[in-house]
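The values are calculated or read from the model by the stated rules, or taken from the named source; none is laboratory data. The shown structure was predicted, so the numbers you read here are calculated from the model rather than taken from an experiment. For neighbour counting, all protein chains shown are included, and Cβ atoms are generated from backbone atoms with ideal geometry for every residue, glycine included.
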Amino acid sequence: MKSILLFIMSIVLFSCQSYKNATRVETSGKLTVIENIGVIPGQDEPRTIRVYTPPGYTDSDERYPVLYMHDGQNLFEDSTSFAGEWGIDETLDSLSNTSNFDLIVVGIDNGGENRIHELTAWDHPQYGKAEGEAYMSFLVDVVKPYMDENFRTKPDRPNTGVMGSSLGGLISHYAIYKYPEVFSKAGVFSPSYWWGTGPFEQVERTGLPSDARLNFLMGEKEGAVMVVPMQQMVEKILDKGHPDDQLTSKINPEGEHNEKFWRSEFSEAVLWLFNR
């Protein structure tokens, strides 16, 4: 009993100490940039998150569902993106007006050169050690508590999702299987299942709640090395008994591996994930 209490206390202290020095360094319209939210275990630099709040947020006391996304630099602004932005803020502003759909999006900045390690949860013989377990622990134990404490979120599982593309798609797959009590929905865009057998083994040994919603997306122009493993993954998840009405899979014949493609598909995916 004593060891269990010490373990729980260590988690609480890690969470509190990690974001006590977080600083809102910039607010531009509906986008807030927050620095120093915490350091991922094993790394040195404090991480930055970027938070989109929907129209009307500042003028109401309403609470909102939350979507956690990876590669935060690429979500909102061309000036910080690697190869163009997703346009998340513009898309959600439009959905708020046309569909009365409001959502908070939290983008966690990637670690630059370390991205390939932190967005993978399985070691690779060529690319080295995976650090995705520490990254996701940071998201769940630090970023989410900070958001629930400092923003008007709906913190419960039915109102919490995760989404990413490429390696971000891979870690989003890992996230919903690792933390089904936290996330009820995952957007898995252009997932890098070529990485290895790890995600397939995870599905084999781990079940999902029957209400978990999975949205898979791939562009046909991304090539067979991307398309075929995703098709195999979808078949495996369905063969394991996950309800087919809780999973959708799309292969866009014109889709390529870039932000322009993911941006074009975000609206459809997010509405389906949040059952709208």
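So, in region 129-162, how many residues would count as being acidic (Asp, Glu) and crowded, with 20+ Cβ neighbours inside 10 Å?
1
Give just the number: which of (1) under 17 Å from the mean Cα position of the chain (by Cα); (2) surrounded by 14 or more Cβ atoms within 10 Å (Cβ to Cβ) does PHE261 not satisfy?
(1)
Which condition does ARG276 not pass, out of (1) in contact with a Leu (Cβ under 8 Å, 6 or more places away or on another chain); (2) among the basic types (Lys, Arg); (3) under 22 Å from ASP102 (Cβ atoms), if it passes all the others?
The one condition ARG276 does not meet is (1).
Can you name the condition, by its number, that ASN114 falls short on among (1) at pLDDT below 95; (2) in contact with a helix residue (DSSP H, G or I) (Cβ under 7 Å, 6 or more places away or on another chain)?
(2)
Of the residues that make up region 245-258, is at least one surrounded by 14 or more Cβ atoms within 10 Å (Cβ to Cβ), touching a residue at least 60 places away in the same chain (Cβ under 8 Å) and under 18 Å from the mean Cα position of the chain (by Cα)?
yes
Output yes when any residue across region 226-235 is touching a Lys or Arg at 6+ places or on another chain (Cβ under 7 Å) and free of Cβ contacts under 8 Å to residues at least 40 places away in the same chain, and no when none is.
No, that holds for no residue.
With the requirement that a residue be assigned to a strand (DSSP E or B) and out of contact with any Ser or Thr (no Cβ under 7 Å at 6 or more places or on another chain), what does region 35-52 give you?
ILE49, ARG50, TYR52
So ARG24 passes all but one of these: (1) touching a residue at least 12 places away in the same chain (Cβ under 8 Å); (2) assigned to a strand (DSSP E or B). Which condition number does it fail?
(1)
Kindly indicate whether any position in region 39-46 is surrounded by 17 or more Cβ atoms within 10 Å (Cβ to Cβ) and within 24 Å of PHE189 (Cβ to Cβ).
yes
Could you list, in sequence order, all residues of region 264-273 that are crowded, with 18+ Cβ neighbours inside 10 Å and touching a Phe, Trp or Tyr at 6+ places or on another chain (Cβ under 9 Å)?
GLU265, PHE266, ALA269, VAL270 - these are the residues of region 264-273 that are crowded, with 18+ Cβ neighbours inside 10 Å and touching a Phe, Trp or Tyr at 6+ places or on another chain (Cβ under 9 Å).
Right, PRO55: surrounded by fewer than 19 Cβ atoms within 10 Å (Cβ to Cβ) and either touching a Ser or Thr at 6+ places or on another chain (Cβ under 8 Å) or of a type in the set (Phe, Trp, Tyr) (or both) or not?
So PRO55 fits the description; yes.
Looking at the structure I just gave you, is ASN150 of a type in the set (S, T, N, Q) and within 16 Å of PRO41 (Cβ to Cβ)?
For ASN150, the condition - of a type in the set (S, T, N, Q) and within 16 Å of PRO41 (Cβ to Cβ) - is not met.
Please state which one of SER165, SER184, SER190 is farther than 23 Å from LEU31 by Cα, among the small types (Gly, Ala, Ser), in contact (Cβ under 8 Å) with a residue 40 or more places away in the chain and surrounded by 19 or more Cβ atoms within 10 Å (Cβ to Cβ).
Sole residue among the options that is farther than 23 Å from LEU31 by Cα, among the small types (Gly, Ala, Ser), in contact (Cβ under 8 Å) with a residue 40 or more places away in the chain and surrounded by 19 or more Cβ atoms within 10 Å (Cβ to Cβ): SER190.
Within region 193-213, how many residues are under 24 Å from TRP262 (Cα atoms), in contact (Cβ under 8 Å) with a residue 40 or more places away in the chain and of a type outside the set (D, E, K, R)?
Within region 193-213, residues that are under 24 Å from TRP262 (Cα atoms), in contact (Cβ under 8 Å) with a residue 40 or more places away in the chain and of a type outside the set (D, E, K, R) number 4.
Being on the phi > 0 side of the Ramachandran plot and of a type in the set (Asp, Glu) narrows it down to one residue among ASP71, ASP102; which is it?
Unique residue meeting the criteria: ASP71.
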